[in-house]
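Trainee: This is the structure I have questions about; it appears just below.
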Amino acid sequence: MRIEEVKVKTPEDILEFMKANIKYGWLDINGEEHINNLKDFRRLYRTSTVEETLDHGIGTCIEQVLLMSTLLSMLDIPNRMFCTRVYEGKDFNNLDAEEHMHCFVLYFKDGKVYHLEHPNGEKAGIYEYDSLDEALTTINDYYVKMAEGKSRPITEYFDVEPNLSFKEFNNYINSLDVNHKTK
């Protein structure tokens, strides 16, 4: 499926499209699909394009956020992509460590900030906030709690280059870490 073939008119349509068509999963370096399973993620994961996400109907938070951001942009709705994670430096090489990263998209409409969430199935929905700071703080506090109180920087990012490993994507996020918030 091509992105132009996705017929949505509102953020609510995007959420419904995601629910109907995209599962949490990822493609590995061999092109194999992994659904709701992060086994060997650090060893085998590679970022997918929007087209691959649509064709396979799967994506991690990284791919799903890129897809939702692209659809919001097609509707001329201003939006921004963010990543919250337990910080890992560029020399972090524990391929058996759990992943503590979540990407999310915020969009801006009628003077409000909205969080469009799909990859975290427990929190799937659209959440309204009065300000960007309120949205970032609320979302990050949720993930800090999930990480048992570990500090989590939030970083805005602007694109997802295809075929990056998890470590390469983490290093890209780290390279943007100029003015991040931590909790």
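Trainee: Would you confirm whether any residue within the stretch 112-122 is more than 24 Å from Glu16 (Cβ to Cβ) and out of contact with any Gly (no Cβ under 6 Å at 6 or more places or on another chain)?
Mentor: Within the stretch 112-122, not a single residue is more than 24 Å from Glu16 (Cβ to Cβ) and out of contact with any Gly (no Cβ under 6 Å at 6 or more places or on another chain).
Trainee: So, Arg85, is that one of a type outside the set (S, T, N, Q), touching a Ser or Thr at 6+ places or on another chain (Cβ under 9 Å) and at pLDDT below 95 or not?
Mentor: Taking the combined requirement at face value, the residue satisfies it.
Trainee: Which of the residues spanning the stretch 25-58 are closer than 18 Å to Met1 by Cβ and of a type in the set (Ser, Thr, Tyr)?
Mentor: Listed by number, the residues that qualify are Ser48, Thr49, Thr53.
Trainee: Follow-up question, since we're still on this one. Do any residues in the stretch 109-134 that are closer than 23 Å to Gly25 by Cα have Cβ atoms under 8 Å from those of residues that are part of a helix (DSSP H, G or I) and among the basic types (Lys, Arg), where the two are at least six apart or on different chains, and which pairs are they?
Mentor: Between residues of the stretch 109-134 that are closer than 23 Å to Gly25 by Cα and residues that are part of a helix (DSSP H, G or I) and among the basic types (Lys, Arg), the close pairs are Glu117/Lys123; His118/Lys19; Ala124/Lys19.
Trainee: Also: Taking helices (runs of 4 or more DSSP H) that do not extend beyond the stretch 32-75, which have at least 3 residues that are touching a Pro at 6+ places or on another chain (Cβ under 9 Å) and surrounded by 13 or more Cβ atoms within 10 Å (Cβ to Cβ)?
Mentor: Passing ranges, in order: 61-74.
Trainee: Let me ask something additional. Out of everything in the stretch 13-31 that is in contact with a Lys or Arg (Cβ under 9 Å, 6 or more places away or on another chain) and of a type in the set (A, V, I, L, M), what residue ends up being surrounded by the fewest Cβ atoms within 10 Å (Cβ to Cβ)?
Mentor: Ile29
Trainee: Now, a different point. Counting residues that are over 13 Å from the mean Cα position of the chain (by Cα), within 22 Å of Ile14 (Cα to Cα) and at pLDDT 90 or above, which strands (runs of 3 or more DSSP E) fully inside the stretch 88-183 reach at least 2?
Mentor: Passing ranges, in order: 101-109, 112-117, 125-129.
Trainee: Across the stretch 29-54, what is the number of residues that are of a type in the set (A, V, I, L, M) and at positive phi?
Mentor: So the answer is 0.
The values are calculated or read from the model by the stated rules, or taken from the named source; none is laboratory data. All figures in this text were calculated on a predicted structure; none of them were measured in a lab. In this analysis, Cβ positions are derived from the backbone assuming ideal geometry, glycine residues included, and neighbour counts consider all displayed protein chains.
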